[in-house]
Amino acid sequence: MATLPRVASLLPSATEIMGHLKLQHLLVGVSHECDVAPEKSDLDALLSNGTCVRLTSSEINPMQMSQEEINTAVMGSLRMGDSLYGILESEFCAAKPTVVLTQALCDVCAPSAQQVAGACGSLTGSAAVVNLEPHNLADVAQSFIAVSQAVTGSSQEGESLAARFQNDIHRITSAVSSSDRKRPRSPRCMLLEWVEPLFDGGHWIPDMLVAAGGERGCNPPGQKSKQFTPSALVEYDPDCILVACCGFDLQRNLEDAQKLWSKSWWTSLRCVKEGRVFAADGNRYFARPGPSLVAGVAILARIMHEDPVVIKAIEATELLPPQGMAWDRIQQNSTCPSKEVKDIEDLCWSLHQAACDRGERYYTDPATGYQVMTEVAHKKRGKCCGCGCRHCPFNHAGVASSERAARIQQPAWLHKAASAEASEASNLLFWSGGKDSFLTLRAMQREAPGRDIVLITTFDARTRVIAHQEVDIQTVVRQAQVLGVSLLGVPLHPGRKYEEHIKQAFTLVKKALAGSKPVFSVCFGDLHLEYIRSWREKQLTPIVREVFGDSTTLQYPIWKKPYEELMADLMASGVECRLSAVPDAALNAPSLCVGALFSPELAKQAADIGWDAFGENGEFHSVVEPWISKQT
């Protein structure tokens, strides 16, 4: 029986190719950047069962650096003749690869050819090294054949994959061929591979632009990407711009693109004024010469063409990945996705809504392939099953109280105070679990001691953690229990608008009150940030009025109260408060760290180094511990 090859892939694109060739089971090692084979779940399965390991490392963490800082590190490394990447020699030798897939095309993207040769020289046996160096789309297709031949000894499967790849691209080109003939020229798109400094897209990118029905751009086909000046971009005057920076996903490119609006040359561009600026997952759909480039061509086609007939033809190919997951339009100061990377759940909610609109009882979860019950099906059953279903229309009434914090997927009561029934009216308080919320609660209790207070806490539906605070929802349940106030939990799903979640929560409060008493106010613990208060007034006031009526108002009980007064109140409460998150460490004040007791002394240290004494600008966040009290 012939021995199966043992493949080490030092390239994300090669790992993806292996998956599309259905050869991923032969992988014994991959680079630190490999993430799909052909999808994320496939590679995760290989890594989790130990049949495949990571073989490389990086000297930098690009997710914690600006593009300018990354560029400086890369340029310095190239000048010194070093590589930012290392091969883990012990893991490489233990994996015992017989085929090593690598490249010598770009020293910025992977370990150098010299490093690979050195690692292979340490192996007890020999390994065939396969360099993949595509310069254009035709070369990319040929690399599928090269991998197939090197791993299996046959080019047949590679040729089949290459044919599908080329045929799919041709389908997109055909879809855009009916574009508006009134155009004096083809659409002109500038793909930014980097923004600090500006780099255009090279190698196969010009081919992709042409295949999508546009001009080839400023770069000749097959050439490396080049740095260029803002004046050159202004002179080129593109019809649209796609920010698809190498190594970064959609969220990071959306965030980095926002910085461009501070540049006068950027805001002078015609396409920026027209709102034709987009971002995409550059890492998967443009930077890697693999099968996912087909989706990249579809994205380019979609953003370059405005004719509804052409857009419909592009979508009909079923090659365009979903907007909001793979690509999206950018607007100045638009709200970027949360730090939690958008994933397949974004699509779930739109699929669910579409199924409900059709009256269907199930839809297919794109992440698992499972059939998921819709709200229609749950309503037909007539009661909550207690399982914590994603689309429960009964606000998880059947889930045991002790399990709700961990299981609810819709707004639901996490704690109901025994004293709530005796009150004449209710106030709602948006509660994060920190000192500002706690001080607001105390102010509300002093101003209206006869009113019931309901805490509303939003948290990430998957991590069960409150954004920025790094406080888990179970801690907040404990706070509510000790403080003797009711708590409504609101899990946030990235595929739904924040306002939709809040409206659903307000509706649940109104239902619980059943007309027995009014909601007097909806309160927030904001201190002095005008833009946050303005956002609340604009976005939430209409929802408050729709659900509760015009008499219910938004209030800010500790707005612009002197810090000395707030600190005195916190100290008088006897309740301990500790830092729960410090996003950026204070090097000259190491005591400002997670777990530190918030006190007048700590607030002074924060102010002394230029921070807001109460961390109002996000310098730190806190959590109160009412179960630890100095009062007797």
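Coordinate-derived values only; no laboratory data. No experiment lies behind these values; they were computed from the predicted model shown. Don't worry about glycine lacking a Cβ; one is built from the backbone with ideal geometry, like all the others, and counts go over all protein chains shown.
General remarks:
- One way to sum up the overall shape of the chain is the equivalent ellipsoid from its Cα gyration tensor, whose semi-axes run 49, 29, 27 Å, largest first.
- Sum of -39500 (n - 2.57) over DSSP H runs of 4+, divided by residues of the chain (222 nm, nearest 500): -11500 deg cm²/dmol
- Once the Cα atoms are used to define both axes, helix 435-447 deviates from the longest principal axis of the chain by about 30 degrees.
- DSSP-loop trypsin sites (Lys or Arg not before Pro) across region 260-333, with at most 10 other Cβ within 10 angstrom: none
- Long-range Cα-Cα pairs in region 442-543 (distance over 18 Å), rounded percent: 57
- Residue 57/residue 538 FRET efficiency (R0 45 Å; Cβ-Cβ; nearest 0.05): 0.45
- Cross-link partners of residue 538 among aspartates and glutamates, defined as those whose alpha carbon lies under 13 angstrom from its own and excluding same-chain residues fewer than eight positions apart: 499, 530.
- Cα-centre dipole for region 563-629 with unit charges at Cβ (Lys and Arg positive, Asp and Glu negative), debye to 20: 220
- Candidates 355, 152, 25 compared by Cα position along the dipole of the chain: farthest toward the positive end lies 355, with charges placed on Cβ.
- Check: the chain dipole with +1 on Lys, Arg Cβ and -1 on Asp, Glu Cβ, in debye: 1740
- Here's the list of lysines a cross-link from residue 561 could span, going by alpha-carbon distance under 20 Å and ignoring same-chain residues fewer than 8 apart: 435, 604.
- Ordering of 595-607, 434-446 by burial proxy (mean other Cβ atoms within 10 Å per residue, highest first): 434-446, 595-607
- Folded to 0 to 90 degrees: helix 67-80 orientation relative to the chain principal axis, Cα: 40
- Dipole-positive endmost among 623, 572, 600 within region 563-629 (Cβ charges, Cα centre): 623
- Near the amide H of residue 459, within less than 5 Å, lie the amide hydrogens of 490, 492, all on another chain or at least 5 residues away, with H placed in the peptide plane.
- Of the trypsin sites (Lys or Arg not before Pro) in region 511-579, the ones in a loop by DSSP (not H, G, I, E or B) with at most 11 other beta carbons within 10 Å are 560.
- Gyration tensor verdict on region 197-336 (Cα atoms; rounded if a/c is under 1.5, prolate if a/b is larger than b/c, oblate otherwise): rounded
- Overall form of region 101-162 per C-alpha gyration tensor (a/c, 1.5; a/b vs b/c): oblate
- Three-way shape label, region 383-555, alpha-carbon gyration tensor, a/c 1.5: rounded
- Among 310, 489, 297 the positive-end extreme of the charge dipole of the chain (Cβ point charges): 489
- Restricting the GluC sites (Glu not before Pro) of region 373-466 to loop positions (DSSP other than H, G, I, E, B) with no more than 13 neighbouring Cβ atoms within 10 Å leaves 424.
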